[in-house]
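The values are calculated or read from the model by the stated rules, or taken from the named source; none is laboratory data. Source: prediction; values computed, not measured. Every residue, glycine as well, gets a Cβ built from its backbone with ideal geometry; the counts of neighbours run over all protein chains shown.
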Amino acid sequence: MTPVAPWRKPVFMGAAELFIDLDAVAANWRALNAVSGRDVESGAVVKANAYGLDVTRVARRLAHDGVSSFFVALAEEGVAVRQAVGDAADIYVFSGHLAGGADVLRDADLIPLLNSPEQVARHFSDAPGHGFGVQLDTGMNRLGMEPADWDALRSDLMDAGPRLVMSHLACADAPNHPMNHLQLRTFIEMTEGVARRSLSATGGILLGPEFHFDLVRPGIGLYGGLPFAGASPVVRLSVPVIQTRAVRPFETVGYGNAWEADIERQIATIAAGYADGLIRAMGPKAQVWAGDVPCPVVGRVSMDLITVDVTHLEAVPDTLEILGPHQGIDDLAEAAGTIGYEILTSLGHRYARHYVGTA
Ligand SMILES: *Cc1c(COP(=O)(O)O)cnc(C)c1O
């Protein structure tokens, strides 16, 4: 048998190109940092590979621009951040101290945000003397210590000197939701006298100064998503046209014959589909762009292909843009009935990725 060639990262001929603008990420961080003001530290949430955009490049760029507190979901993600940003930064782990996690936490010098009495016991027995923070539940009922457990453990935890005490808002993307002030009040009550506190992600930063405390934790806003309406777009996705054909009246296009031509139409087929994160549900509500001209998606989104009506174009370009100045992640999300976060974290692995701006 012929030996298999050594593995290398595949480069797909005619791949769609995903442009990720690190200057825009940095600009978004600076803009949110300006909103939270001079006395409040702005960290950066880089979980899930920096929302799919490459944690190494994003964290390194943000560290260079002055970020010194990073947040990840899992300890293993923190290892990549540590490698990217060096020894000085604080790296917090939302999932806290999970069973068997002490070595990773110690080796990469990560700060677990302890979520439960079990995690507190585990941390003090498996990693005595190692820094930690505390995550409190103020009503979201997802992650964090319940008020009764915090009451019982608070003095022990405070004696040990937590690096941060934090909670998370459930409805911060809806500024008028009564839950925001309810959680704010609960957080204030639970953390009276605590030295370093954090409550807000992107949405909370925009709710106003009473939500900022000592440190804010923006994620999606850095990557150009709502609720930060003023964000600079970070991603652009350009997809090659691989075939164009004329279809006659009453001919159909794609799976399930879901679209039928009324008059003769020109249909372009572009090389990306739901396997690349262009979720099928966006279907006919989405458009792609030929420069400034929108072109409707017709028929169903396939795994690797999307069909587009280009009848109205004078000439069919080599590529059509699905994410760009005219259609951002939240526009696409709306067409698909989801949120910008899911569009970003779904962006696939077949794209040729180009990083714009200094790394
Ligand atoms: C994901 C997350 C963030 C960042 O939220 P964005 O809405 O993306 O800004 C902050 N804090 C916690 C606890 C999170 O899970």
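Quick rundown of the values:
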| quantity | calculated |
| --- | --- |
| All positions within the stretch 204-224 that are in contact (Cβ under 8 Å) with a residue 60 or more places away in the chain and among the small types (Gly, Ala, Ser) | GLY219, GLY221, GLY224 |
| Strands (runs of 3 or more DSSP E) within the stretch 279-347 that include 3 or more residues within 25 Å of the chain's Cα centre (by Cα) | 287-290, 319-323 |
| Residues within the stretch 62-77 that are touching a strand residue (DSSP E or B) at 6+ places or on another chain (Cβ under 9 Å) and either more than 22 Å from ARG196 (Cα to Cα) or within 14 Å of the ligand (Cβ to nearest atom) (or both), tallied | 9 |
| Qualifying residue in the stretch 32-41 (condition: under 30 Å from LEU323 (Cα atoms), within 14 Å of the chain's Cα centre (by Cα), at pLDDT 95 or above and crowded, with 19+ Cβ neighbours inside 10 Å) | no |
| Conditions (1) among the hydroxyl-bearing types (Ser, Thr, Tyr); (2) within 15 Å of the ligand (Cβ to nearest atom); (3) over 24 Å from ALA48 (Cβ atoms): number failed by SER198 | (3) |
| Residue count, the stretch 211-263 (criterion: within 30 Å of PRO178 (Cβ to Cβ) and either away from the ligand (no atom under 16 Å from the Cβ) or loosely packed, with under 15 Cβ neighbours inside 10 Å (or both)) | 2 |
